[in-house]
1. How much net charge surrounds Ser93 when only other residues with a Cβ under 15 Å from its Cβ are counted (Lys, Arg +1; Asp, Glu -1)?
2. What is the packing order of peptides 161-169, 98-106, taking the mean over residues of other C-beta atoms within 10 Å and listing the highest first?
3. For segment 88-158, calculate the relative contact order in percent as a whole number, restricting contacts to Cα pairs under 8 Å that are 6 or more residues apart.
4. Using a 7 Å offset from the Cα along the Cα-to-Cβ direction at both Ser171 and Ala146, what is the distance between the two label points in nm, to one decimal?
5. Return one quarter of the surface area of the convex hull spanned by the alpha-carbon atoms of segment 88-211, equal to its mean projected area, in nm².
6. If contacts are Cα pairs under 8 angstrom and at least 6 residues apart, what is the relative contact order of segment 88-211 in percent?
7. Order of 185-191, 203-209 by packing, highest average Cβ count within 10 Å first?
8. Which of the pairs Lys87/Lys122; Lys91/Lys122; Lys91/Lys177; Lys145/Lys177 have their Cα atoms more than 18 Å apart in this structure?
Amino acid sequence: MPNIHLFSWKHASKTEVRKISIITTNLALSFVEMSSPSAKGGVSFGGGIMKYNLKNPLNLLVSLAILVGILEARSHPVLKYVTDREKYRHKTSVGCTPGGVVAGVLRNDGKGWYALNDDAHKPVNISAVESDWKMITVKFPFAAKAIHTFVVSSDETLTVQGVTAGASVASDEARLKLGRDGIIGTNRASPLWVDTDRFPGSNLWVYGVFDAQCPAGT
């Protein structure tokens, strides 16, 4: 079996470094990749080195499989660039609105996801937004009796980049997870990797309808 090592870290200059090393009896392959946001918000890649020693034709298949894995790793964030301890919580300065509707625009400027609240965007019944490397949690100011519908959608910026979102909904919160299209299917992406530095102007749109009443005093 090959011995596989995956390393990934983010430099202070926001340059991401990924090193993938695969070692077998007759094959030693390593790949180092550096990427940094371009001036237009895209990502530029540089570097890359491979070393191999094929003593057995069967290792050709192994090397091809490894190359596919490397290309897949380049196409989406399969590695964490954040620590498990990196968590954010942003409260929203809106009260509870009768009617059981939850709606808003979510954005991440680099310090976790939050509900956009400005002259052009007003969240409805989003009391807080929490995020870590696994998911985004949208908190409601009520505990609903029933869930009618809840949808989350990537905006046009994230859509063309292959970033998608899905929701698991409870009576008082919705848990969102992200994915990104790769060479082989769609793979899970860290919500903290998706931000406006990497994808300028990017948002998630959420909308839900519940059978709910605002708590007394709100």
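1. +2
2. 98-106, 161-169
3. Normalised by residue count, the contact order of segment 88-158 is 30 percent.
4. It is 1.4 nm.
5. Hull-based average projected area comes out at 7.4 nm².
6. Working: 320 pairs, mean separation 38.7, N = 124.
With pairs under 8 Å counted, the relative contact order is 31 percent.
7. On the way: 185-191: 17.1, 203-209: 20.1.
Ranked from most to least packed, the peptides come out as 203-209, 185-191.
8. Listed pairs above 18 Å: Lys87/Lys122; Lys91/Lys177; Lys145/Lys177.
Rule-based calculations on the coordinates, nothing more; no lab input. Keep in mind the model is a prediction, meaning the values are calculated, not measured. Ideal geometry is used to build each Cβ from the backbone, glycine not excepted, and the neighbour counts take in all protein chains shown.
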